[in-house]
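Heads up, the thing below is written out as structure tokens.
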Amino acid sequence: MTVADLVMAYGSYVVQRDLNFSIGRGEIFIIMGDSGCGKSTLLRHMVGLKPPAAGSIYYDQESFWDAEPEARDRLLRRTGILYQSGALWSSMTLQENVALPLREYTPLPPRQIEEIVALKLALVGLAGFERFYPAEISGGMRKRAGLARAMALDPEILFFDEPSAGLDPISANHLDDLILELRAALGTTIVVVTHDLASIFAIADNSVFLDAERRSMIAQGNPRDLLEHCPEPKVRIFLSRGGDG
């Protein structure tokens, strides 16, 4: 995936400009920066929820926003998204939640869908919880159930929006471990929006730092390398102290 000359704006207000970076296949890529810099807005552009004011987003050389609607749908089916809340339907069991994209986008018979759902829930450590409702499980388990649903269609790219938000440190660490395990087992490309410093250092291969004041990216690279060698003091301070969240 490549972001080229991207400009993000709400009306006349420019959030970020001149964003240029590429994400390698199988890479865990972090979008980080100070509060209000546009991290989640960038994610919305990358997953087709908001068109850019200018610039392009490429999926394997194919420009998403220049493509026809049918082609966009095809590209989006290569992705999965885990939102902050998990975004589960409260009136559905975990099994029904995970089955939803399979029923919506595939012609698979119910028995095969049930088998896939069981596999995905087992993959995130929720075997045996198929009949539970979201309100009956912990916040960390809801995040994992949301991840199982995001993985339902076997995406090539998984997007996470503040995955550790609302989790205690132990649950957040378990989620980081799960992200690493998924990448190792499946080779999935993973893009994470986060300001969680422990998570950044635990999982990142590469990253980009968005600056709210300058409204542009001011650093790119492995966070550990940026901590030691980045010429931007703001980035080094963020990575050494956690920034301002």
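The values are calculated or read from the model by the stated rules, or taken from the named source; none is laboratory data. The structure displayed is predicted, hence computed values, not measured ones. Because the Cβ atoms are built from the backbone with ideal geometry, glycine has one as well, and the counts that use them run over all protein chains shown.
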Whichever residue in the range 117-160 is among the β-branched types (Val, Ile, Thr) and touching a helix residue (DSSP H, G or I) at 6+ places or on another chain (Cβ under 6 Å) and, among such residues, is modelled with the highest pLDDT: 117
All positions within the range 114-125 that are over 17 Å from residue 155 (Cβ atoms) and without any contact (Cβ under 8 Å) to a residue 40 or more places away in the chain: 114, 115, 118, 122
Filter result (part of a helix (DSSP H, G or I) and farther than 16 Å from residue 4 by Cβ) within the range 38-69: 39, 40, 41, 43, 44, 69
Every residue from the range 188-219 that is more than 16 Å from residue 38 (Cα to Cα) and in a strand (DSSP E or B): 189, 190, 206
Residue identified as surrounded by 14 or more Cβ atoms within 10 Å (Cβ to Cβ), under 14 Å from residue 178 (Cα atoms), under 24 Å from the mean Cα position of the chain (by Cα) and of a type outside the set (Val, Ile, Thr) among 147, 102: 147
Meets criteria (surrounded by 13 or more Cβ atoms within 10 Å (Cβ to Cβ) and more than 21 Å from residue 213 (Cβ to Cβ)) for residue 1: yes
Counted residues, the range 217-241 - those being of a type in the set (Gly, Ala, Ser) and over 20 Å from the mean Cα position of the chain (by Cα): 1
Odd one out for residue 66, checked against (1) within 28 Å of residue 29 (Cβ to Cβ); (2) in contact (Cβ under 8 Å) with a residue 40 or more places away in the chain: (2)
So residue 93, is it buried (at least 17 other Cβ atoms within 10 Å of the Cβ), more than 30 Å from residue 224 (Cβ to Cβ), hydroxyl-bearing (Ser, Thr, Tyr) and in contact (Cβ under 8 Å) with a residue 40 or more places away in the chain: yes
Of all residues making up the range 152-187, the number that are buried (at least 16 other Cβ atoms within 10 Å of the Cβ), of a type in the set (D, E, K, R) and in a loop (DSSP other than H, G, I, E, B): 2
